[in-house]
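**Student:** What follows is a single structure, and I will ask about it in a moment.
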Amino acid sequence: MKTFSKILGAIALCTTAFVQAEPVMTLITVNTADPAGYAGWAKSNAEKISKANGAMAMGLCSPTAGAQKMGDHYLWSFFGSQEAAWSADPMNPVQRDAVANMNVEREVRMWDNWRIVRAAQITEKGYYYNLYVRTDDPAGYITTVDKLHAEMKKRGFDVSMQVFMGDTGETAGLIMTSFGAADPAEVGRMMDARTEPWVAKIISKVQGKREMVHGFALMCETYYAAEM
């Protein structure tokens, strides 16, 4: 599968102490009874909208289980910094024209910003398990999921990990972990491993210190990634 490793490198660079920038994901929750029509619109307009907004990448995730509301889909964009994300004007002429030409009925239910705490390589298509968690010890929780991911890789699981922290709306302060793979069966194999002692040992470090808020199973596609 074609990957966009340069985007990963650019996002990772933004997280260094020298740059002092926080990469950001904007996540728009859209509800529609015409997912194919909306996906087609998003795909055909992703490049010009991203360039107009200064986004590094843009794509769409569709739940296969765990949708907060049936018909929800998640339009995401990655930005290299908070400054870039906040500078984007959702009413710029390019975006206004694209939305005006949309021939799909839809409802924009939420529009939130998430800090990207851990970045993963952007792929054209992937399958993911995302989990919202509330905790009073975000640093400790992230350290634990780092250890869990590292152990998964040692044991031959071909899964990526991303970590986000909510900045706005109902998600403010929540942590979202995202484990994914090119093959949905690999995500399932990872989920099966939760019953194994080595997983329980690592997760025990956060037992009683975090509340699982909501879980999603997703299929995601990247429609645009900038050449870096």
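**Student:** Of the cross-linked pairs Lys147/Lys205; Lys153/Lys201; Lys125/Lys147; Lys43/Lys125; Lys43/Lys69, which ones have a Cα-Cα span greater than 19 Å in the structure shown? Please list the in-between numbers first.
**Tutor:** On the way: Lys147/Lys205 11 Å; Lys153/Lys201 16 Å; Lys125/Lys147 26 Å; Lys43/Lys125 13 Å; Lys43/Lys69 23 Å.
Too far apart for the 19 Å limit: Lys125/Lys147; Lys43/Lys69.
**Student:** With θ set to phi - 60°, apply the Karplus curve 6.51 cos²θ - 1.76 cosθ + 1.60 along the range 125-142 and write out the HN-Hα couplings as whole Hz, x wherever there is a Gly or Pro.
**Tutor:** Rounded to whole hertz, the list is 8, x, 10, 9, 10, 10, 9, 7, 9, 10, 8, 8, 10, x, 4, x, 5, 5.
**Student:** Now, a different point. If you count, for each residue, the other Cβ atoms within 10 Å and average over each peptide, how do 188-199, 28-39, 50-61 line up from highest to lowest? Let's see the in-between values first.
**Tutor:** Working: 188-199: 12.8, 28-39: 16.6, 50-61: 21.2.
Going by the mean number of other Cβ atoms within 10 Å, highest first, we get 50-61, 28-39, 188-199.
**Student:** Which far-off residues, 5 or more places away or on another chain, put their amide H under 5 Å from the one on Val213, with H placed in the peptide plane?
**Tutor:** Distant-sequence amide H within range of Val213: Tyr132, Val133, Arg134.
**Student:** Turning to a different aspect of this structure: Based on the mean of other Cβ atoms within 10 Å per residue, sort peptides 142-151, 200-209 so the most packed one is first.
**Tutor:** 142-151, 200-209
**Student:** So what is the calculated 222 nm ellipticity per residue for the chain, using -39500 (n - 2.57) for each DSSP H run with n of 4 or more, over all residues, to the nearest 500 deg cm²/dmol?
**Tutor:** Mean residue ellipticity, 222 nm, calculated: -10000 deg cm²/dmol.
Values in this text are rule-based calculations from the coordinates and carry no lab data. Remember, predicted model here, so these are calculated numbers, not experimental data. With ideal geometry, Cβ positions are generated from the backbone for all residues, glycine too; neighbour counts draw on all protein chains shown.
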